[in-house]
Every structure is written in C-alpha cells, then in structure tokens.
Amino acid sequence: MRSQSLQAHLPVLLLLMTVVYVAFSGTLSAPLWNPLSFEILHDAEMLSRDPGVMFRHGGNLVSQPALQFLFLAQYRLFGIDPFGYHVVSLAVHALNSFLVYLLVNLLFPRRRMAVLASLLFALTVGSYGKVLLSLSSHEALVLAQLYLLVLYCMIRNDFRHGGRVRSRWFWAALGLYALAGLTAQATFSLLGCLIAYKFFFHGARGRRAVLSPDLLILIVISALFFVAQRRFSQPPLIDFSEGGGPLHFTWISFKNIFRYLTLMLFPLQHSPLLQRADTFVHVLYDARTVLRVFLTIAIISFSFFGFVFGGQSIRFFLAWTYITLLPFTGIDVHGQWLNLRYLYLVALGFCVVLSAGAVGCSDLLARHRFKRYIPYLVPLMFAVGALSVTYQLDQQNRRQARGPESRQMLRELEEAIAAENGSHPAGPAGLAAPPLPR
C-alpha cells in the first residue's frame with residue numbers, strides 16, 4: 001500500500017478535468033431535446049415553491065430527496081438554460097474519473113495503469129458518453145459518484161485502518177451510503193461490490209471472515225432501506241403480460257447481460273443514428289450476428305479464465321462489471337433495445353481490464369524502444385471510437401431539438417413557468433408564446 005496522500009494525486013485530477021472539458025466541450029452548447037428533461041424542469045419549478053412535496057408524495061420522489069435537493073439548487077442557479085447543467089455534469093464526470101483513478105491505484109501496484117484506466121473512463125470508453133448528453137442523466141452521474149465514494153472510503157479504511165468501525169473513513173462511507181440509499185434500490189449493487197471486494201481480498205488482508213463488522217452494518221442499513229422503500233414509495237412493477245411470463249422474462253434478462261457486455265465492444269444497434277451512418281458501418285451492422293457471437297464467446301472465455309487465473313484485483317473488477325450490470329438487465333422485456341447510459345459504471349471494469357492488458361503487454365516489450373508503445377494502440381482505438389459515437393449522438397440530439405416536437409415542449413415549459421410565476425394570466429388562452437432559440 002502506497003503512503004501517498006490525496007494531495008499527491010492532484011495533478012491527475014487536473015489532468016482529468018482538462019481532458020473531460022476538452023473532449024466534451026461541444027456538449028456544453030447542447031440544447032434541451034429529451035422529453036424527460038422538460039418534465040424534470042417543470043417538476044423542479046413545482047418543487048422549488050414547496051420542497052416538502054417530495055416528502056408528502058407517494059411515488060418515486062419520496063425515495064430520492066438527496067438528488068432532488070441537489071437538482072433544485074441547480075435549478076435556482078440555471079433555470080431552464082441547459083448550459084449550466086452540462087458544466088456541472090462534466091465536473092461530476094471528471095470527479096468520477098478521479099475516483100476511478102484513486103480506486104484502481106489502491107488495488108493495483110501500477111500507477112500508470114490507474115492513470116490509463118481513469119483516462120479511458122473519462123473518455124467514456126465502454127459507455128460512449130450518452131450519460132453526458134441529457135439533463136435527465138445528471139441523476140445517474142451523481143449516484144455513480146456516491147457509489148464510487150462509498151467504495152473508495154470502505155477500501156481505504158480496510159487498507160489503512162484494518163476495517164475498523166471507529167475510523168473516520170468508515171463513518172464517511174456510512175454517511176455517503178445513507179445518501180445513496182435515499183436514492184434508488186440499485187444501491188444493492190454497491191453492496192454486492194463490497195461483498196465481492198471482501199471475498200477476494202480478505203485472505204490477503206489477513207482476515208478470516210468475509211462478513212466483517214463494517215460490512216454487516218451496511219447490510220443491516222440496506223435491509224432498513226429496502227423495508228422503508230417498500231413501505232413508503234411505489235417501486236415499479238414488472239408487467240409480464242407481453243413478455244411470456246416470469247420464466248421468459250428471466251431468460252431475456254440473462255441474455256441482456258451479454259447483450260450489454262457485447263455493446264461495450266460493439267456499440268451498434270438499430271437506431272436513427274445507424275440509419276445516417278456510412279456504408280462501412282452498415283457493413284459491420286449486417287455482420288452483427290456473427291460478430292456478436294464471437295464477442296460473446298470471447299467475453300465468457302475471458303471472464304472464466306480471469307476468475308480462475310487472474311489476480312485478486314482483476315477478479316474484483318470482473319465481478320464489479322457483472323454486479324453493476326444486473327439492475328439494468330430486466331428493463332427491456334423484449335431485449336430489442338439497450339441503453340448505453342446504463343453502462344456508465346459497468347464500463348469501469350472494462351476500462352481496468354483494457355488498461356491492465358495494455359500496460360502488461362507494454363512491460364513485456366520494455367526493452368524495445370518503440371514497440372513497447374504498440375499495445376497502447378488498442379485503448380487509443382477504443383477512446384477514438386467512444387468520442388466518435390458521442391459526437392454522433394450529440395448531433396442526433398441537436399437535430400431532435402430543432403424538430404417541431406421539442407420546440408413545442410420548450411414553448412409549453414416556458415409558458416407554464418411564466419404562468420406559475422404570475423407573468424401571464426393563467427390558462428392556455430392567455431399565454432403568449434416566448435421566443436424560441438434558433
């Protein structure tokens with residue numbers, strides 16, 4: 001374990017901040033386009049007048065007060081101008097990338113690998129930047145930050161203080177876990193990652209039991225969160241009417257695991273973006289069945305040999321990949337469309353494995369002056385691909401924002417806010433449409 005303080009890693013933070021804002025500077029001018037974003041802004045206007053509504057509400061708002069208050073603070077600053085929200089989203093993403101660096105730096109003895117993994121994560125390798133392109137995804141970025149902070153605090157406490165529950169790092173993790181638990185039931189994936197860490201590292205840390213007191217406390221708190229959410233909120237129910245029943249739904253969910261993992265390596269699926277792609281992309285898409293079969297076999301093989309022959313850290317990040325993916329595998333009952341933004345935290349494991357392979361192969365070629373840099377071409381290829389897909393997605397969103405439906409939703413949002421502020425008479429007939437951005 002290195003004795004470096006957090007201040008020693010500040011140059012890496014500055015590097016990641018610079019890389020994120022340079023790579024995604026074009027997204028700062030992105031307009032509102034997602035219907036859910038318009039709905040969120042309207043709800044923010046309502047809640048800004050009476051924040052207590054979220055505690056009296058019987059639906060999903062009651063389980064997310066931490067994220068709601070944070071978004072309300074942003075709404076007070078930025079209103080319905082998306083620029084400010086994009087600035088904050090990129091800052092949160094850069095901090096998440098820095099947490100990735102700190103986490104990998106804890107578990108691996110190679111700082112180069114930690115820097116490379118964090119850079120790949122910052123460039124959205126594996127998740128392709130979709131979570132950065134919509135105001136409605138800001139919640140997912142903040143939730144991911146809470147997850148990474150809890151995980152880092154727990155692991156640092158385990159390294160530095162033997163996992164003691166009286167450590168300040170444990171109490172920090174406990175407080176952050178309470179905030180994360182007040183957001184969504186996907187917090188249980190974080191608990192699964194902590195159990196995986198304890199399982200793979202308890203022997204190396206000289207522990208006899210996986211379920212240490214610090215982990216048991218989080219398990220108890222998780223059980224209380226689950227009971228409270230079942231009692232006070234309204235979790236979404238699964239509709240099996242069109243999916244063929246629970247067994248068919250379970251089978252589709254299992255297949256979605258490998259569909260998502262393949263999507264990290266081969267991000268092509270039927271979408272408006274694909275229809276505007278060039279001939280080469282269409283040729284690749286036509287060969288998708290064969291490519292996906294080979295990629296799935298490769299993923300299964302690598303996972304098997306990684307768990308059997310890999311080191312503790314590789315095993316942990318492989319487990320991280322599957323555990324963080326599970327909450328999203330059952331969303332689409334038909335398995336026909338997969339959302340790239342769900343791969344944001346999942347892609348961490350892929351970035352670590354990719355970095356480990358590149359750094360390891362480079363070390364084997366250390367005696368060669370130029371050949372030692374060849375292995376880095378693979379992560380560079382993925383980084384260029386991720387930025388390219390992000391750019392294409394951003395252009396697609398801008399086209400949708402210029403469409404009549406998005407312009408009408410923006411008009412209705414501005415009119416509704418004006419009416420609630422008393423700037424216009426109540427009722428649609430008395431509202432004058434404000435000018436729309438061109």
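The numbers here are math on the coordinates, done by the rules we state, and not lab data. These figures come from a predicted structure and were not determined experimentally. Counting neighbours? That spans all protein chains shown, and the Cβs are built from the backbone with ideal geometry, glycine included.
Sorted by packing (mean other beta-carbon atoms within 10 Å per residue), highest first, where do 211-221, 269-279 land?
Per-residue Cβ counts within 10 Å, averaged per peptide and sorted highest first, yield 211-221, 269-279.
What ranking, highest mean first, results for peptides 148-158, 362-372, 40-50 when packing means the other Cβ atoms within 10 Å averaged over each residue?
Result, highest mean first: 148-158, 40-50, 362-372.
Cα gyration tensor of the stretch 6-402, axes a ≥ b ≥ c as square roots of the eigenvalues: rounded (a/c below 1.5), prolate (a/b > b/c) or oblate?
rounded
Enumerate the calculated ³J(HN,Hα) couplings along the stretch 292-305 in order (Karplus 6.51 cos²θ - 1.76 cosθ + 1.60, θ = phi - 60°), each rounded to whole Hz, writing x wherever the residue is Gly or Pro.
Residue by residue, the stretch 292-305 yields 5, 5, 5, 5, 4, 4, 5, 5, 5, 5, 5, 4, 5, 5 Hz.
Tell me, what HN-Hα J-couplings in whole Hz come from the Karplus equation 6.51 cos²θ - 1.76 cosθ + 1.60 at θ = phi - 60° for each residue of the stretch 13-26, using x for Gly and Pro?
4, 4, 4, 5, 4, 5, 4, 5, 6, 6, 5, 10, 4, x
Once you have a ≥ b ≥ c as the square roots of the Cα gyration tensor eigenvalues for the stretch 294-404, tell me rounded if a/c is under 1.5, and otherwise prolate or oblate according to whether a/b is larger than b/c.
oblate
If you take the square roots of the eigenvalues of the alpha-carbon gyration tensor of the stretch 72-192 and sort them as a ≥ b ≥ c, do you get rounded (a/c under 1.5), prolate (a/b over b/c) or oblate?
Oblate is the answer for the stretch 72-192, as a/c is 1.5 or above yet b/c matches or exceeds a/b.
Which of the peptides 246-258, 26-38 is most tightly packed, and how do the rest follow, judged by the mean count of other Cβ atoms within 10 Å per residue?
Put in order of decreasing packing, that is 26-38, 246-258.
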